[in-house]
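Below is one structure, written out as structure tokens; comments come after it.
The values are calculated or read from the model by the stated rules, or taken from the named source; none is laboratory data. Treat the numbers as computed from the prediction; the structure is a model and nothing was measured. Heads up, the Cβs are rebuilt from the backbone with ideal geometry, glycines too, and the neighbour counts pull from every protein chain shown.
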Amino acid sequence: MTRWHFWGEKEFSDVYENIYIRSVMEDWFNIVFEIVRQIDSARRGAKSLLDVGCGEGHTTKQILDRIKGRCRCDLLEPDQNALSTAEAFLSPENNIGEIYPRSLASFRAEKKYDIVFTSHTNYYWALNQKDYDRQLKKVVDLLVKGGRALILTLPQESDHYRIMRREIYPRFNYAQYMITFYKKMGLRVAVKKLKMRMYVGDILSTDKNFDLKTFYKFIHNTDSFPNDKESRGFLEKIKRCQRKNYLDFKDYLVIVDRRPF
Ligand SMILES: C[S@@+](CC[C@H](N)C(=O)[O-])C[C@H]1O[C@@H](n2cnc3c(N)ncnc32)[C@H](O)[C@@H]1O
């Protein structure tokens, strides 16, 4: 008889894993491929990279595995446990340089980078607009001349924001704000508007609400489960926004080039 060995690896009950269950992998990998294309085509190439807020390194690996040519990537992540996991996960197959257990704000860079990239971390950079502006500026200050910053984030029209019961992230976090900010700085800014569908057909086809409440926690960035009234209100918003059982989070990839002189 053959044994099933994998019960010990079963962890699909938490909020973070929910993202992986719901997201359409083809949409996500099209985003990864676009990031890789932007790294490969950057004037300075992909020699030295920094991933800001790498988490456990899953997105980092998807990107690094596909970059053409030699490169070395430093990791910045304020959560020490996530960073240790990322280091252990990435080191066997990817060229990882320094690892920094820091937030973007507290990071004191020892060098400049050809590429700085970040995937869905800008919401946590600052508590107010003034500090957020400082972090936006810092991202480009981390670049060598001719370097490129790649920031993956959500636009105002994202279904992620549309299904929220209340505003969780101040509006300066929306992609449109940083685009205007960088243009005003006189930088060259390009934007790739990408599809990022999330499946909600499971939630819409049952009266039970465990998955609805878990999804609520993810969307509202909270550790607490909502009460029944709150989750019913959330369900109504999902119903209004969904198209054929999918939401579209509509990722924007904001590409900022530092002038080569
Ligand atoms: C939504 S997760 C994204 C993780 C990873 N980039 C990915 O795409 O899978 C947000 C990450 O940002 C990190 N983070 C939170 N505050 C940060 C800050 N001030 N500077 C940099 N990263 C931060 C979190 O610890 C977390 O790992």
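If I filter the range 80-94 for residues that are among the hydroxyl-bearing types (Ser, Thr, Tyr) and touching a Phe, Trp or Tyr at 6+ places or on another chain (Cβ under 8 Å), do I get at least one hit?
So far as the range 80-94 goes, no, none of its residues is among the hydroxyl-bearing types (Ser, Thr, Tyr) and touching a Phe, Trp or Tyr at 6+ places or on another chain (Cβ under 8 Å).
In the range 64-98, what count of residues is obtained for those that are within 13 Å of the ligand (Cβ to nearest atom) and surrounded by fewer than 18 Cβ atoms within 10 Å (Cβ to Cβ)?
So the answer is 8.
Looking at the range 171-179, is at least one residue assigned to a strand (DSSP E or B) and either more than 15 Å from the ligand (Cβ to nearest atom) or surrounded by fewer than 16 Cβ atoms within 10 Å (Cβ to Cβ) (or both)?
Checked the range 171-179: no residue is assigned to a strand (DSSP E or B) and either more than 15 Å from the ligand (Cβ to nearest atom) or surrounded by fewer than 16 Cβ atoms within 10 Å (Cβ to Cβ) (or both).
With the range 194-261 as the region, which strands (runs of 3 or more DSSP E) entirely inside it contain at least 2 residues that are touching a Lys or Arg at 6+ places or on another chain (Cβ under 7 Å), under 30 Å from GLY147 (Cβ atoms) and touching a residue at least 40 places away in the same chain (Cβ under 8 Å)?
Because the criterion is at least 2 residues that are touching a Lys or Arg at 6+ places or on another chain (Cβ under 7 Å), under 30 Å from GLY147 (Cβ atoms) and touching a residue at least 40 places away in the same chain (Cβ under 8 Å), the strands (runs of 3 or more DSSP E) in the range 194-261 that meet it are 252-257.
Would you pick out the residues in the range 188-213 that are over 22 Å from ASP27 (Cα atoms) and crowded, with 16+ Cβ neighbours inside 10 Å?
Correct list: VAL189, ASN209, LEU212, LYS213.
Does LYS10 satisfy being over 23 Å from TYR252 (Cα atoms) and modelled with pLDDT under 95?
yes
Quickly run through the range 99-152 and pick out the residues that are away from the ligand (no atom under 13 Å from the Cβ), of a type in the set (Asp, Glu) and under 18 Å from PRO170 (Cβ atoms).
Scanning the range 99-152 gives a single hit, ASP133.
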